[in-house]
Amino acid sequence: MILIISLIFSLLSFSNASVLDFCVADYAAPNGPAGYSCKKPTKVTADDFAYSGLGISGNTSNIIKAAVTPAFDAQFGGLNGLGISAARLDLAPGGVIPLHTHAGASELLYVVEGSIHAGFISSANAVYLKTLNKERYYGIPPRLAALPNQCSKFPTPLIVQTTFIDAAVVKKLKGVLGGSG
């Protein structure tokens, strides 16, 4: 009996997009654990699959000198249930993006202008790092810690407290990325 109940709950948690051609987000309907409800197909237009929000530079005059402009299903209804999303990152000189992961998605970086240090840390604590210049791509596998910048001069104890990464790993990363402190 427990197996049947578990199966029913798991079936309810799957997105409608897996059984439909598409599932454009219906922002007027309730949002559940599986994402947005689907618009009725008769209400879907070609505009639901087009998005222009990434063409404007973000404001980098802040403490981290960075701005992220998302194009997730909350902004771009046509992505609902597809398992993909996009974002624009504007990174000023000296800007930083905190160490982060994407649990169920890979990350693909593309440098439009300038250069950045990009990389990731494997589950075996190996660091894969590359300096990317204009018109270069870099892929980061899902669930791994992404490093799309330099580690800068933040004190190691501060990084340890905010990222929960072992101090030895932070120091190793700083050595590879040219950071100090």
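Nothing in this text is a laboratory measurement; each read-out follows from the coordinates by a stated rule. None of the values given here were measured: they were computed from a predicted structure. A quick note on method: Cβ atoms are made from the backbone with ideal geometry, for glycine too, and the neighbour counts reach across all protein chains shown.
List of remarks:
- Sites matching GluC sites (Glu not before Pro) across segment 38-136 that sit in DSSP coil, with at most 12 neighbouring C-beta atoms within 10 Å: Glu113, Glu135
- R0 of 22 Å, Cβ-Cβ distance Tyr128-Ala103: FRET efficiency to nearest 0.05: 0.70
- Centroid-to-centroid separation of segment 39-71 and segment 88-113 [C-alpha atoms, Å]: 16 Å
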